[in-house]
Amino acid sequence: MSRRMLVVGNWKMNGLRAQLADVEAIGAVAAEHPAVEVGLCLPATLITAAADKAGVAFIGAQDCHQKANGAHTGCLSAAMLKEAGATQVIVGHSERRTDQHESSADVAAKALAAKAEGLQVILCLGESLETRDAGEALPFVLNQLAESLPQGAAADWLSIAYEPIWAIGTGRIPTMEQIAEMHGGIRGKLAELAGAEVAAGMRVLYGGSVNAENAAEIFALEDVDGGLVGGASLTAAKFGPVIAAAS
Ligand code: 13P
């Protein structure tokens, strides 16, 4: 089954209105590469303004609450993000699993809350350096997948992002063999959990220090269907070559 490449920028806690010019420029690059689905997951404060500027690129959010509404000070529901202009949302990023103590059960619930509002979901997985060094990366990530995968997972609304924590923002990436092993393992586990058809259609992205220099090699791997990109997604000058590498 052919899977359309998906390249998503995660701006994390970066971006003020002045950076809407970068959103517009990235949208223009995306228009040059129609074979690639391109998006930017932005701080929620920028979503509405960015949705007007992004052109063919979609605008997404970086998290949503698992509940539809209620007494959850500072949190945003999937309906709020959708109304603001988001069409996708990241759930389970390692920075939130660590900083906000989100469990895999929380992550699965967030994914379902987003799906209920018609948002597409990018579900993140990844091991720590200790786990990698202990030789436990593959079983750890596959267990995290089993615990985080929402009921009814399907390729038309869910993508997976493998992001080794030790590769995020460090300039270090796994070897191509390590990435290939993990992505193949994730696809095999998806087949076991959700069926062969879902596994064949679901996009599995790589994230962690993706940049203009390494993107082509990573994206050429058979089970890598695109990337989730942090630092190198903040400007069109940096993100453009990553998008082009997927095309
Ligand atoms: P970097 O590309 O900055 O390493 O960040 C990766 C990431 O965490 C994207 O979600």
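The values are calculated or read from the model by the stated rules, or taken from the named source; none is laboratory data. Since this is a predicted model, take the numbers as computed values, not measurements. Note that we place each Cβ from the backbone using ideal geometry, even for glycine, and neighbour counts take in every protein chain shown. For accessibility, only protein heavy atoms count, side chains too; no ligands or nucleic acids. Shrake-Rupley method; radii C 1.70, N 1.55, O 1.52, S 1.80 Å.
Here the 3J(HN,Hα) profile of the range 147-160, calculated from phi with Karplus coefficients 6.51, -1.76 and 1.60 at θ = phi - 60°, is 7, 9, 5, x, 4, x, 3, 8, 5, 7, 9, 10, 10, 10 Hz, Gly and Pro shown as x.
At 0.692 mPa s and 37 °C, plugging the Kirkwood radius over alpha-carbon pairs of the chain into Stokes-Einstein gives what diffusion coefficient in µm²/s? Can you show the working numbers first?
Working: Rh = 17.7 Å.
For the chosen part, D equals 185 µm²/s.
For LEU123, the residues 5 or more places off, or on other chains, whose built amide H falls under 5 Å of its own are VAL91, SER159, ILE160, ALA161. Between amide H atoms placed 1.01 Å from N, distances below 5 Å from GLY227 occur with LEU6, VAL7, VAL8, TYR206, all of them 5 or more places distant or on a separate chain.
Once the 1.4 Å probe is applied to the protein heavy atoms, the chain comes out at 43 Å² accessible per residue.
Translational diffusion coefficient, Stokes-Einstein: compute it for the range 184-247 using the Kirkwood radius over C-alpha pairs as Rh, at 10 °C and 1.306 mPa s, and state it as an integer in µm² s⁻¹. Numbers along the way, then the final one.
Working: Rh = 12.5 Å.
Reported coefficient: 127 µm²/s.
When you filter the GluC sites (Glu not before Pro) in the range 156-230 for DSSP loop state and at most 14 other Cβ atoms inside 10 Å of their Cβ, you are left with GLU213, GLU222.
Derived value for the range 133-247: Kirkwood hydrodynamic radius 14.6 Å. Basis is the mean of 1/r over every pair of different alpha-carbon atoms.
The per residue volume of the convex hull around the alpha-carbon atoms of the range 1-99 is 114 Å³. Annotation for the range 160-247: trypsin sites (Lys or Arg not before Pro) lying in DSSP loop with at most 13 further Cβ atoms inside 10 Å of their Cβ are ARG172. Helical runs assigned H by DSSP (4 residues or longer) give the chain a calculated mean residue ellipticity at 222 nm of -12000 deg cm²/dmol, each run adding -39500 (n - 2.57) before division by the residue total. Here LYS115 is the anchor, and the lysines within straight C-alpha reach of less than 18 Å, apart from those fewer than 8 places off in the same chain, are LYS67, LYS82. With both residues required to sit in the range 1-129, DSSP beta bridges show an antiparallel share near 0%.
Within the range 91-173, the GluC sites (Glu not before Pro) that combine a DSSP coil assignment with at most 15 other C-beta atoms in a 10 angstrom radius are GLU136. For LEU221 and GLU24, the difference between the fully extended length at 0.36 nm per residue and the C-alpha to C-alpha distance is 67.9 nm.
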